[in-house]
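Input: a single structure, listed below in structure tokens.
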Amino acid sequence: IQRIAISTGGGDAPGLNAVIRAVVLAAAQRGWECYGIREGFNGILQPERYPVDGVFPLPPAMVRGIGHLGGTILGTTNHGNPLRYAMRMSDGSTQEINRSGEIVTHLKLMGIDSLVCIGGDGTLTIAHALHQQGLRVIGVPKTIDNDLDKTFTTFGFDTAVSFATECVDRLHSTAESHQRIMVVEVMGRYAGWIALHAGIASNSHAILIPEIAYDLKQVAAKIMERDAAGRHYSIVMVAEGALAANGGHALQEDASAGYVERLGGIGEQVAHELQQLTGKEARAVVLGHLLRGGSPTAFDRLSAMRFGAAAVRALDEGESGIMVALAFPNVNYVALEEVAGRMKGVPLDGDTLQTGRDIGICFGD
Ligand code: F6P
């Protein structure tokens with residue numbers, strides 16, 4: 001009998017529970033058992049927090065009715081990376097220790113020799129290290145940001161794009177009623193996937209992403225053009241990471257006056273500057289963590305279930321050190337070492353960005 005542990009790490013994404021469900025059911029079909037590790041690897045690394053059930057059995061009954069739920073029944077964390085675990089020393093100082101060996105030993109003592117590790121870039125780097133230490137590891141790509149390389153898409157992304165689109169659909173009427181500029185800030189630390197896709201799908205009038213250096217004067221000009229044509233409102237979609245595309249601040253001219261420090265995120269900054277440049281009233285809406293919550297779309301549920309089932313299939317085929325990936329129309333396998341540490345931004349020669357340029361809502365080079 002094979003025993004598989006499942007871990008979810010990093011920021012949550014809609015579809016995590018669907019992956020867990022598929023892994024457990026596909027394993028049960030083969031007569032194998034599954035175990036859940038709590039909060040990334042904290043269930044093993046923090047015995048004081050989980051003295052008895054840090055790693056607990058996941059029979060099929062435990063995954064009944066969870067496929068459509070957001071979050072993860074295992075819990076997750078952005079802290080406690082086993083490769084650089086911050087340990088408090090007896091002299092009061094803190095040192096980063098590699099504790100990945102403890103995970104392998106702990107699981108092997110429980111008779112568990114396989115791990116399905118569901119996460120983004122950081123978690124998949126940990127997965128690769130655990131594989132190198134003799135655990136059989138399959139990675140599953142997750143992030144609402146869609147910035148993982150070697151997979152067409154990650155689950156959670158479609159849900160985030162759909163929800164952001166729905167939010168902007170609602171903002172059109174209030175923006176138009178008040179003749180305002182509405183700046184909508186969405187997640188995407190390093191990449192503008194959500195902003196680009198939701199911006200186009202929601203009929204936004206301008207999109208700012210980290211991949212492209214932009215000039216807000218161009219955006220202001222577009223807003224004033226619309227104004228002159230009788231369209232007295234505009235929606236500007238901005239990825240949180242777009243700050244980086246403009247030298248670290250939206251308001252270059254005012255940066256020396258401490259403007260950037262005074263205001264919150266890029267959404268607020270862009271709204272402020274567009275208000276200055278156009279003389280129109282501007283408001284910022286930060287969608288933030290709302291994009292990570294709620295029920296996964298059918299597309300994300302399906303991708304998540306396909307990834308989960310493929311992870312178990314891969315174990316059955318004797319694979320390890322790979323990530324299951326979406327390479328339309330099928331799921332394929334990619335070596336974890338080809339994925340770990342590689343981000344995927346919006347391709348500058350892709351047709352989605354070109355669509356944004358063609359319809360006049362993507363600016364800059
Ligand atoms: O999941 C990735 C992400 O959504 C980023 O876009 C965002 O910057 C980050 O998570 C924020 O996560 P947290 O608040 O959990 O640190």
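Values in this text are rule-based calculations from the coordinates and carry no lab data. This is a predicted model, so every value here is computed, not measured. Counting neighbours? That spans all protein chains shown, and the Cβs are built from the backbone with ideal geometry, glycine included.
Computed values, structure above
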{"quantity": "Mean Cβ count within 10 Å, highest first, over the residues of peptides 302-308, 324-330", "calculated": "302-308, 324-330"}
{"quantity": "Charged-residue dipole, Cβ positions (Lys, Arg, Asp, Glu), the chain about Cα centre, Debye nearest 20", "calculated": "920"}
{"quantity": "Dipole-positive endmost among ALA310, TYR333, LEU274 within segment 260-353 (Cβ charges, Cα centre)", "calculated": "LEU274"}
{"quantity": "0 to 90° range, to nearest 10: angle between helix 266-278 axis and the chain longest Cα axis", "calculated": "10"}
{"quantity": "Estimated [θ] at 222 nm from DSSP helical runs (n ≥ 4, -39500 (n - 2.57)) normalised by residues in the chain, nearest 500", "calculated": "-11000 deg cm²/dmol"}
{"quantity": "Stretch gain in nm, segment ALA228-HIS68, where the contour uses 0.36 nm per residue and the Cα spacing is subtracted", "calculated": "53.0 nm"}
{"quantity": "Between 0 and 90°, nearest 10: helix 157-178 axis offset from the chain longest Cα axis", "calculated": "20"}
{"quantity": "Entries in LYS108/LYS142; LYS222/LYS344; LYS150/LYS344; LYS217/LYS344 that, when Cα-Cα distance is taken, lie over 20 Å", "calculated": "LYS108/LYS142; LYS222/LYS344; LYS217/LYS344"}
{"quantity": "Taking ASP300, ASP316, ASP227, ASP365 and counting other C-beta atoms within 10 Å, the order from fewest to most", "calculated": "ASP365, ASP316, ASP227, ASP300"}
